[in-house]
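Input: a single structure, listed below in structure tokens.
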Amino acid sequence: MSARRDALRVLLRIAFRNLTASPVRTAILGAIVLVGSLIVVVGSSLLDSIDRGMRTSIQGSLGGHLQVYDARSEGTLELYGGLRGESLLEPIEDFAKVKEVLAKVPNVKQVVPMGIDQAMVAVGNAFDVALERLRDDARRLEAGEDGPELRRSYAAHQAHVRRMVQLLREEIAQARQIVDEGGREAADQKQQWEALQRAATDDFWEGFDRDRYGSLELLENRVAPLAMDNAFTFLRYVGTDVDAFFRAFPLAEVVKGERIPTGRRGVLVGKQYAEEWLKLKNARRLDQIKDARDRRGKRIAEDEELQRWVRENRAGIREILLQLNPARADALAGLLRPALGAPEGEPLEPLLVRLFATTDESFDRSYALFYDVVAPSLRLYRIDVGDTITIKAPSKSGYFSSVNVKVYGFLQFKGIERSGIAGMMSVLDIVSFRDLYGYLTAEKAAEIERLQRSIGARAVERDRAEAELFGGGGGLVGEARAAEIDEGALVRGGEEDRASAADLAARVYSQEEIERGVALNAALILDDPRQLRRTERDVRAAIRDAGLGLEVVDWQQAAGLVGQFVTLLRVVLVTAVVIFFAIALVIINNAMVLATLQRVKEIGTMRAIGTQRRFVVTMLLVEIATVGVVFGLAGAALGALVVWAIRAAGGIPAVTDLLYFVFSGPALLPRLGALSVGASLAVVLVVAILSALYPALIAMRVTPVEAMATED
Amino acid sequence: MSIVSVEHVSKDYMLGKTVVPALRDVSLSVGKGEFLSIAGPSGSGKTTLLNLIGCVDTPTVGRVIVAGQDTARLSERALTELRLRTIGFIFQSFNLVSVLTVFQNVEFPLLLQGGQTRKDRADRVLALLDAVGIAEHARHRPSELSGGQRQRVAIARALVTRPALVLADEPTANLDSETGGNIIDLMKEMNRRDGTTFIFSTHDPKVMAHASALVRIEDGRIASREDLDGAALAGGR
């Protein structure tokens, strides 16, 4: 034993002396090892932290721990949407049955039904809103109501619409000078233009009261389409048991308004979605400029994008003007003039131009002025809390279904509120989801039957449809009747609709109604997430035993493309590390080969005086391993320092929406893992020893005869 | 009794495709305590013969028996062990381990052998350094020493394990003649003191003169063997 120890001692001594004897070589090899170890420590710490961030984001927003969906589905579940839109899932016919089975699996805390889809939402335009208000007043007057308050409101709404017509006429007059009038739609456009011209005349407004509905008709059908605001927007939503959803996903919170009351129909609109798609463009652009300045240190003077936003804001004033009736506009101008130092009597439009033409110096003041003075008179979001909106989607049967739901609030996911990935998501009650999806509830079936009876339609079998429609059977012969529009009946009909919609909105669905029925997938929340794999197996077994025919995926798979982000990063890091160490291997190998060749005589001498081969090989390996350990540790320590410094500096800021989601917050705070330090040392050592193997082989082949060589 | 016995040994080297015979049918016996010089012009086969005796090379034909062991029958590892325990080497260009101090260089074979206490080793090393007259340089690196001093260190290293046989290939070739003479004197002193057998090669007539026996080699053959003086403890075959 002592002989071994003695040998080892001399081995270490020679190895160490060799290192100090050629400091340049040692420094170069050391630097390579150090950088390698640094990369591994910092890289894997960042990756682990990103992994944790993703876990928090996915598990806390939609993913839960496990997801189940029908195994016959064509597509796979992609909670955050895939490249080709929503995943094609076969419905789970009865969620209650699934819940009953899966809730009994050990470690499963909660089973939440879900159905993710996209739908169209009619948002109308400012013109429609103004016209609807006017129509309301007109209807009341026609019904015989009267009074100073109604008259005042009627006049104000009339003035608003009239102003809008004027604004629209000015804008379109400019556009018409550019547009080619020979096109296919020229006739239509010409008609609309003539209608607009007429609506802008004094005659039209003086005669308005003589034919209120007729005048409104002209405005609604001929003039309003010219305004061409986005009439629809797309909403991505998850239909779910809302109470269960909030219990399952701790990151979900309502930021404006309130939760959908238990059992009610309703929608919570994604806050980020509202900001991006529903907010008044000018306000949105001000927010973006502020964000770019505050968070990214951009300046209007230097940044082209910010300059563009300022330009667009100046050009986008019409949207604001359209929202204001003349009285409001005057009041607002009165407030803005002193604040902007404008001359007496300057109207609102140039005032707003002044307001939005901001520079870096005036931006904060303009921003405050907009939100404090202008915004209170405006409708900032095209869909806002308290509105009832119509959501439309093509149902499974191929028809468009639509539901009216109340917007109870805006929804966000804590920490990842700015992320477009989770922040675009709205939450819809599952009953409405089923209506949209085309699942027939009992009441829906009854309604359809009533409708069919009232219009005398009868079911036509598909394979006989042609014959039925184009003769032969002769059952469906059309009968032309003169159309006779009864305004009163229409109004009454509208009110009936409204009444039944109100019924639906007020109805409280029982938990059983919520759970009995279609869902597309279900999230499982576990008591102990660390047991995920075992529970996944148990869930599979339970599904098999109960014959439910469901596919089980973990949260990462369920997240689809987003979930693969970490895998992608890991691949990138591993590739970078592999390339780095491949190069390191070659360099270290070369250096060691050179060093070995320089020492051939010395090694030969040692061999001659009785040093065994293995001793020589060990000596070389000890030498390189010493470099590996010393500089590897130094690199790991430096890596720890870097990680600490990143934390101390507030982390790596999430500059894009995706990063917000990935980091699960505004910044990535990396945490040093014992595992990454261990891994870096192991990798460095393995690479160092691998790179010394060839030189060691050379050293082993040195014969004692080489010691006798006379050249020095 | 002889410590080295070379029996009908031939050694060929391949130089490309040509066979270069370095030794042809050489037989030689060296007795214990001899101070034998192998002399001959360069290329005559001196070094080859020393390499064969030193167990760092093996013969093409014939047997080399060192300390009673037929080197052809020994494994690489056993040969190494034999070199470590039985033979000391002194090289023409000293061949010290440059990164070790004088003391550590001399201690090195003892560490390879193992089995001694640190103090025993230190005593032995210091005694030898003293004997070769270089004790005050124990902590120096070889690069800080002159050629003669380095060769003294090499002699100490060769003797530290008390080997039965010390081989020296042209030990004075890289030294001036005065220093070379001193080195040979030192080797001879060691030969006398401990009875260690020395075999050294040289082509310097002045150095040959110190030997107790002289073997002349020409063209790979032993041309002559002569006993020179009775100063050696024992002579003859």
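Here, each number is a calculation from the coordinates, and none is a lab measurement. Quick caveat, the model's predicted, so the values are computed rather than measured. Reconstructed Cβ throughout: ideal geometry from the backbone, glycine too, with neighbour counts over all protein chains shown.
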Discussion item. List the GluC sites (Glu not before Pro) within segment A:293-354 that DSSP assigns to loop and that have no more than 14 neighbouring Cβ atoms inside 10 Å.
Written reply: A:Glu302, A:Glu344
Worksheet item: Which order results if A:Ser87, B:Ser201, A:Ser362 are arranged by neighbouring Cβ count within 10 Å, fewest first?
Response: A:Ser362, A:Ser87, B:Ser201
Practice prompt. Would you work out the charge dipole size for chain A about its Cα centre, treating the Cβ of every Lys and Arg as +1 and the Cβ of every Asp and Glu as -1, and quote it to the nearest 20 debye?
Written response: 4180
Worksheet item: Are there GluC sites (Glu not before Pro) in segment A:43-147 that DSSP puts in a loop and that have at most 10 other Cβ atoms within 10 Å, and which ones?
Response: A:Glu74, A:Glu145
Worksheet item: Where is the GNM fluctuation largest for chain B (alpha-carbon springs, 10 angstrom cutoff): B:Phe108, B:Phe35, B:Phe200?
Response: B:Phe108
Worksheet item: What stretch of chain A, leaving out the sites themselves, is the longest with no chymotrypsin sites (Phe, Trp or Tyr not before Pro) in a DSSP loop having at most 10 other Cβ atoms within 10 Å?
Response: A:1-398
Discussion item. What is the angle, in °, between the Cα long axis of helix B:147-159 and the longest principal axis of the Cα atoms in chain B? Nearest 10 is fine, range 0 to 90.
Written reply: 80
Worksheet item: How do B:His203, B:His137 rank when sorted from fewest to most other Cβ atoms within 10 Å of their own Cβ?
Response: B:His203, B:His137
Worksheet item: On a 0 to 90 degree scale, rounded to 10, what angle separates helix A:148-178 from the longest Cα axis of chain A?
Response: 60
Discussion item. If neighbour count is taken as other Cβ atoms inside 10 Å, put A:Val123, A:Val686 in order from fewest to most.
Written reply: A:Val686, A:Val123
Worksheet item: How about segment A:272-317: which trypsin sites (Lys or Arg not before Pro) there are in a DSSP loop, with at most 15 other Cβ atoms within 10 Å of their Cβ?
Response: A:Arg299
Item to complete: Please work out how much length the chain gains when fully extended from A:Ala339 to A:Thr390, using 0.36 nm per residue of separation minus the C-alpha to C-alpha distance, in nm with one decimal.
Response: 14.3 nm
Worksheet item: So what is the calculated 222 nm ellipticity per residue for the protein assembly as shown, using -39500 (n - 2.57) for each DSSP H run with n of 4 or more, over all residues, to the nearest 500 deg cm²/dmol?
Response: -16500 deg cm²/dmol
Discussion item. From Cα pairs below 8 angstrom and at least 6 apart in sequence, can you work out the relative contact order of chain B, rounded to a whole percent?
Written reply: 30
Worksheet item: If one takes the longest principal axis of the Cα atoms in chain A, at what angle in degrees, from 0 to 90 and to the nearest 10, does the Cα axis of helix A:23-58 lie?
Response: 30
Worksheet entry | Average other protein chain Cβ within 10 Å of Cβ, residues B:107-114 | 6
Worksheet item: With a sphere of radius 10 Å drawn around the Cβ of B:Gly88, what net charge do the other residues whose Cβ falls strictly inside it have (Lys, Arg +1; Asp, Glu -1)?
Response: +3
